[in-house]
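Trainee: I have a structure here, written as structure tokens, and I will follow up with some questions on it.
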There are 2 protein chains.
Amino acid sequence: MLAFTCMTAFAQFGQRRGNPIVPSVKAEAEDFKPATTNQENKQFPAVNSKRQVRAQILAPKATFVGLDIAGKIYEMTKDENGLWTGTSEPQDEGFHYYQLNIDGANVPDPNSLYFYGASRWGSGIDIPAGDEEFYTVKNVPQGSVNEVYYWSTVQEKMRHGYIYLPNEYYKNPTKKFPVLYLQHGMGENETGWSAQGKTGIIMDNLIAAGKAVPFIIFMDNGLDTRRPGDSNQGFGGPRPQGQRPQGGQRRGGFGNFAEAFQTILLKDIIPMVENNYRVIADPQHRAMAGLSMGGMQTHSITLANPTTFAYVGMFSGGSFNTEELKDAADFKKTNKVLFMSAGGRETGMAEGDRSVVKAAESLKAMGINAHSYISPETAHEWQTWRRSLYQFAQLIFK
Amino acid sequence: MLAFTCMTAFAQFGQRRGNPIVPSVKAEAEDFKPATTNQENKQFPAVNSKRQVRAQILAPKATFVGLDIAGKIYEMTKDENGLWTGTSEPQDEGFHYYQLNIDGANVPDPNSLYFYGASRWGSGIDIPAGDEEFYTVKNVPQGSVNEVYYWSTVQEKMRHGYIYLPNEYYKNPTKKFPVLYLQHGMGENETGWSAQGKTGIIMDNLIAAGKAVPFIIFMDNGLDTRRPGDSNQGFGGPRPQGQRPQGGQRRGGFGNFAEAFQTILLKDIIPMVENNYRVIADPQHRAMAGLSMGGMQTHSITLANPTTFAYVGMFSGGSFNTEELKDAADFKKTNKVLFMSAGGRETGMAEGDRSVVKAAESLKAMGINAHSYISPETAHEWQTWRRSLYQFAQLIFK
């Protein structure tokens with residue numbers, strides 16, 4: 001039951017996909033404040049109380065500058081000093097990728113911080129949200145997100161990931177911890193969960209509030225799966241400039257490249273984590289979750305390895321169905337929590353017969369501890385996944 | 001003896017400083033390879049065996065595109081598809097900041113990875129170097145670079161830094177380690193030493209080769225020093241867009257803002273590190289070093305706190321002189337190594353009476369264990385500082 005619409009983050013860059021150029025819109029309020037995702041001391045982009053984005057850039061000799069966000073290119077206007085300004089329609093709460101177009105060139109906004117998504121490092125903007133406290137840095141005991149290089153026996157090269165270690169990992173040097181393996185979506189990489197997802201901040205706050213038990217999170221690259229001898233067209237291998245990997249293009253669909261990542265996860269990542277960190281190395285203390293494509297990888301990998309992970313989360317990544325679990329005795333015996341979520345604006349996943357809510361109800365009826373969560377008024381974007389992690393983290397290893 | 005030329009990294013962006021626009025130059029060899037600092041699968045910018053940089057960007061409607069690197073703006077040329085290409089003169093080995101100019105807009109190159117320097121997140125390029133092995137990731141026991149948030153009692157806010165923990169920190173959970181406090185330069189931040197400087201990689205390789213003892217490194221932000229009640233013009237506080245902090249502008253020179261950082265280092269950073277990590281908390285196991293402005297902060301802070309740090313390093317940050325150490329009995333008694341370095345192309349610091357070599361000779365004559373190092377054929381840039389760390393790390397805590 002892969003009711004799945006994963007292309008939102010891809011579809012937004014109009015110059016590549018034919019999105020419409022529209023006029024800059026009138027601001028519904030003039031209370032713009034610099035975005036929290038801006039570079040230090042940059043006043044633009046700014047967001048007003050109606051969640052409209054205003055961008056600004058100096059480009060005296062340009063004849064066209066556009067603000068490319070959420071599927072539309074807003075045509076900016078130039079003042080007598082060559083300063084271009086443009087304002088978007090209201091955006092959803094949370095994080096969005098965006099870019100500028102200057103005379104036909106798609107470029108990052110020099111005022112923003114940069115994030116990896118939509119298959120490129122580029123601009124991102126965080127729109128203030130009513131519930132942003134849960135992912136705001138607070139003066140509570142701090143864990144840390146650590147950069148990890150390790151040798152892959154499968155790929156015969158050094159790989160790169162991030163590990164979240166809770167504060168107690170440092171304070172209590174003999175204690176062992178459970179581990180969540182947490183995966184990003186298509187067009188993203190191992191930096192997504194800590195940068196856009198705010199994993200470390202969410203976990204520190206949850207643990208400090210007593211809402212989650214301390215656990216380790218490992219975040220790796222689910223697209224970097226090319227092995228020696230694989231075709232150059234493989235995910236993670238060299239591709240012609242500007243061309244991005246597409247599900248089904250080469251390995252025959254999401255299932256097959258979940259399989260490619262599965263080998264790396266089971267042979268390289270999990271053994272490396274369990275050998276190098278103080279980990280409780282059994283299925284009851286091992287979880288896997290992911291967003292979008294990472295949720296589909298979680299689905300395939302946990303089904304194919306039914307006794308390996310007791311906790312399973314799919315964030316905007318479809319759902320399990322009763323048919324595939326009917327005879328999966330090992331999965332049912334091992335599983336303690338099966339969590340499925342979606343953004344309220346994700347057609348097909350949030351409402352109706354194919355929603356994660358319906359899926360959870362059917363699974364509960366067959367004895368699975370299934371949970372569903374719908375993120376209010378968000379689409380296939382990071383605010384859905386921040387909230388999903390916040391919910392999921394409170395359910396596991398308890 | 002602050003023989004000091006710290007403005008190289010600042011001076012390079014021509015549109016702000018009046019650097020010349022020059023024609024793209026002819027390639028001396030057509031063996032261009034994508035830079036290692038490119039985004040995944042991007043073929044440009046590319047570097048040839050003569051160390052020339054070739055950039056490329058699609059900008060069909062633009063009338064001017066320039067490659068802005070090392071103080072010159074190379075005018076690129078457009079083909080019939082709107083693809084602009086330009087080639088620079090040969091560059092020094094190692095890392096350089098650069099940007100593109102599109103019809104008057106200074107923007108990051110969408111093909112490169114982004115780094116913080118010259119007071120902005122923007123494009124960087126690594127030119128292959130004869131000695132790059134020492135900062136190349138290898139399959140050796142890996143430490144990790146960890147992101148740290150902590151409460152500053154001085155600033156009454158959360159601060160942000162990075163800590164390098166050697167592999168043995170994880171493998172041997174009772175062992176305590178010495179600590180080096182390592183600072184960036186003007187216009188840079190706490191990310192510089194791990195991203196551009198490759199600190200973690202250099203240390204892992206050195207420790208694996210038995211050339212350095214395992215030690216911890218803490219890398220913080222030496223410009224974020226504004227305290228509650230300080231003027232808004234302070235370093236690290238809000239500034240008008242596009243304006244950057246300049247030495248002497250407000251606190252009356254480098255000395256004064258070294259003092260501002262000193263308070264944070266001594267009251268917040270060192271206690272936080274010593275309370276949260278397994279550290280040998282005495283002067284004989286404590287080092288401070290920095291590059292450029294960070295070297296000058298090291299100079300001021302270690303002089304003002306003569307019994308706090310046994311190992312002192314100034315990389316392209318001037319030198320100590322015999323006059324200021326003549327009566328500094330406490331400093332001389334505590335100090336085990338005083339290291340001063342410069343790039344071979346840094347006028348005044350590499351050669352002549354005011355060079356770090358001469359300074360080290362004079363200091364040695366008065367009984368200080370002074371060392372000097374000149375990085376061959378590099379300027380006031382990261383290759384000088386990677387090499388300086390590589391040298392300094394082999395001298396300390398032994």
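The values are calculated or read from the model by the stated rules, or taken from the named source; none is laboratory data. The structure displayed is predicted, hence computed values, not measured ones. Glycine gets a Cβ as well: all are built from the backbone with ideal geometry, and neighbour counts include every protein chain shown. Ligands, DNA and RNA are stripped out before the accessible areas are found, and what is left, the full protein with its side chains, is counted by its heavy atoms. Shrake-Rupley method; radii C 1.70, N 1.55, O 1.52, S 1.80 Å.
Trainee: Since A:Ala118 meets every condition but one in (1) facing chain B (nearest Cβ under 8 Å); (2) small (Gly, Ala, Ser); (3) within 18 Å of A:Leu67 (Cα to Cα), which condition does it not meet?
Mentor: (1)
Trainee: Got a sec? Which of B:Val154, B:Val107 is within 30 Å of A:Tyr169 (Cα to Cα) and either open to solvent by less than 30 Å² (accessible area, probe 1.4 Å) or free of Cβ contacts under 8 Å to residues at least 60 places away in the same chain (or both)?
Mentor: On the way: B:Val107 fails: within 30 Å of A:Tyr169 (Cα to Cα).
From the options B:Val154, B:Val107, the qualifying one is B:Val154.
Trainee: Only residues that are open to solvent by 30 Å² or more (accessible area, probe 1.4 Å) and away from chain A (no Cβ under 11 Å): list them for the range B:35-74, please.
Mentor: B:Thr36, B:Ser49, B:Lys50, B:Arg51, B:Arg54, B:Ala70, B:Lys72
Trainee: Quick check, is B:Leu113 facing another protein chain (nearest Cβ under 7 Å), open to solvent by 30 Å² or more (accessible area, probe 1.4 Å), farther than 22 Å from B:Pro20 by Cα and of a type in the set (A, V, I, L, M)? Spell out the reasoning first.
Mentor: Values: facing another protein chain (nearest Cβ under 7 Å): yes; open to solvent by 30 Å² or more (accessible area, probe 1.4 Å): yes; farther than 22 Å from B:Pro20 by Cα: yes; of a type in the set (A, V, I, L, M): yes.
Yes, satisfied.
Trainee: Among (1) closer than 16 Å to A:Ile202 by Cα; (2) touching an Asp or Glu at 6+ places or on another chain (Cβ under 6 Å); (3) more than 14 Å from every other protein chain (Cβ to nearest Cβ); (4) not charged (D, E, K, R), there is one condition A:Ile127 misses while meeting the rest; what is its number?
Mentor: Single failed check for A:Ile127: (1).
Trainee: Next question, about the same structure. Run B:Asp31 past the list (1) surrounded by 22 or more Cβ atoms within 10 Å (Cβ to Cβ); (2) in a loop (DSSP other than H, G, I, E, B); (3) modelled with pLDDT of 95 or more and report the number of the one that doesn't hold.
Mentor: The single condition B:Asp31 does not satisfy is (1).
Trainee: Mind checking whether some residue in the range B:75-95 is buried (at least 18 other Cβ atoms within 10 Å of the Cβ), under 24 Å from the mean Cα position of the chain (by Cα), modelled with pLDDT of 95 or more and under 26 Å from B:Asn221 (Cα atoms)?
Mentor: The answer is yes, given that some residue of the range B:75-95 is buried (at least 18 other Cβ atoms within 10 Å of the Cβ), under 24 Å from the mean Cα position of the chain (by Cα), modelled with pLDDT of 95 or more and under 26 Å from B:Asn221 (Cα atoms).
Trainee: Here is a further query. Name, by its number, the condition in (1) more than 25 Å from B:Glu93 (Cβ to Cβ); (2) in contact (Cβ under 8 Å) with a residue 12 or more places away in the chain that does not hold for B:Ser123.
Mentor: Evaluating B:Ser123 over (1) more than 25 Å from B:Glu93 (Cβ to Cβ); (2) in contact (Cβ under 8 Å) with a residue 12 or more places away in the chain leaves (1) as the failure.
Trainee: Let me ask something additional. In the range A:160-179, what residues are surrounded by 20 or more Cβ atoms within 10 Å (Cβ to Cβ), in contact with a helix residue (DSSP H, G or I) (Cβ under 8 Å, 6 or more places away or on another chain) and not aromatic (Phe, Trp, Tyr)?
Mentor: Scanning the range A:160-179 gives A:Gly161, A:Ile163, A:Pro166, A:Pro178, A:Val179.
Trainee: Among residues belonging to the range B:140-183 that are of a type in the set (A, V, I, L, M) and facing another protein chain (nearest Cβ under 9 Å), point out the one that is farthest from the chain's Cα centre (by Cα). Spell out the reasoning first.
Mentor: Here is the first cut: in the range B:140-183, the residues of a type in the set (A, V, I, L, M) are B:140, B:145, B:148, B:154, B:158, B:163, B:165, B:179-180, B:182.
Still in the list and also facing another protein chain (nearest Cβ under 9 Å): B:145, B:148, B:158, B:163, B:165.
Numbers: B:Val145: 16, B:Val148: 19, B:Met158: 23, B:Ile163: 15, B:Leu165: 19 Å.
If we take residues in the range B:140-183 being of a type in the set (A, V, I, L, M) and facing another protein chain (nearest Cβ under 9 Å), then B:Met158 is farthest from the chain's Cα centre (by Cα).
Trainee: Take the range B:188-217 and flag every residue that is in a loop (DSSP other than H, G, I, E, B), in contact (Cβ under 8 Å) with a residue 40 or more places away in the chain and in contact with a Gly (Cβ under 6 Å, 6 or more places away or on another chain).
Mentor: If the condition is that a residue be in a loop (DSSP other than H, G, I, E, B), in contact (Cβ under 8 Å) with a residue 40 or more places away in the chain and in contact with a Gly (Cβ under 6 Å, 6 or more places away or on another chain), then B:Glu188 is the only one that fits.
Trainee: Another question, if that's okay. Which residue, of A:Pro128, A:Pro108, is touching a Ser or Thr at 6+ places or on another chain (Cβ under 7 Å) and under 27 Å from A:Thr87 (Cβ atoms)?
Mentor: Just a single option satisfies the conditions, and that option is A:Pro108.
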